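The values are calculated or read from the model by the stated rules, or taken from the named source; none is laboratory data. The model shown is predicted, which means the values in this text are computed figures rather than measured ones. We place every Cβ from the backbone using ideal geometry, glycine too, and count neighbours over all the protein chains shown.
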Amino acid sequence: MISVVIPTHESERALAHTLAALVAGALDGILREVIVADAGSTDGTAMVADVAGCRFLVLPGERGARLAAAAATARAEWLWFVRPGSIPGTNWIEELGRFIRECDLASDNERAAVFRARPVHDRSARSEVLALLREALGARPNPSQGLLIPKPLYRTAGGYKTDAADPETDLLRRLGRRRIVTLDVAMTSPMLD
């Protein structure tokens with residue numbers, strides 16, 4: 001169902017945390033593969049990916065080029081872009097499955113999804129309320145929220161641009177708020193911008 005793409009560079013510890021959170025999805029069968037798009041790490045990033053059974057691609061260039069190249073090799077019809085260190089909430093398997101089923105039943109390849117943002121350094125109820133308020137007021141999704149997108153929409157939107165200063169934000173902007181649904185599950189991330 002889903003190919004997960006994780007861009008890394010010297011991300012050994014962060015990658016281990018994210019992959020540990022994804023194990024349940026692999027066992028459930030919702031994840032077809034995990035592709036680690038690495039920029040040439042010299043730490044244990046490759047070993048972590050290997051132990052977890054990921055496809056490990058060493059790709060030169062900036063983040064946009066690595067994401068685009070990894071997406072081009074993905075075998076599943078859905079792409080899920082996740083930053084290393086990000087951890088989806090406990091109900092992520094059900095939420096992703098529900099969203100994909102809804103899109104499939106409606107033959108809707110024009111919607112993508114992100115997770116609710118939740119910074120790792122502030123897990124208070126106040127931060128949850130502020131995140132929900134930002135979403136309600138129409139704040140553009142942040143790349144650290146992850147992006148679940150069907151391949152046809154990814155291609156139609158032009159994918160990740162290799163020359164964009166911030167390729168993840170650029171793709172989210174090009175998709176537009178109307179095509180992005182916020183799932184009812186949080187993504188804890190140390191990299192909220």
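Summary table below
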read-out	value
Search result, residues across segment 1-50 that are of a type in the set (S, T, N, Q) and crowded, with 23+ Cβ neighbours inside 10 Å	Thr8, Ser11, Thr18, Thr45
Residue check, Ala165 assigned to a loop (DSSP other than H, G, I, E, B), of a type in the set (Gly, Ala, Ser) and at pLDDT below 95	yes
Subset of segment 168-188 [aliphatic (A, V, I, L, M) and assigned to a helix (DSSP H, G or I)]	Leu171, Leu172, Leu175
Some residue of segment 86-107 being within 10 Å of Val185 (Cα to Cα) and touching a Pro at 6+ places or on another chain (Cβ under 7 Å)	no
Residue tally, condition in a helix (DSSP H, G or I) and more than 21 Å from Ser189 (Cβ to Cβ), over segment 33-52	4
Restricting segment 75-101 to residues that are under 18 Å from Leu19 (Cβ atoms) and of a type in the set (Val, Ile, Thr), the residue that is nearest to the chain's Cα centre (by Cα)	Val82
Positions within segment 1-32 being outside any helix (DSSP H, G or I), without any contact (Cβ under 8 Å) to a residue 60 or more places away in the chain and under 21 Å from Arg98 (Cβ atoms), in sequence order	Gly29, Leu31, Arg32
Positions within segment 78-113 being acidic (Asp, Glu) and assigned to a loop (DSSP other than H, G, I, E, B), in sequence order	Asp108, Glu110
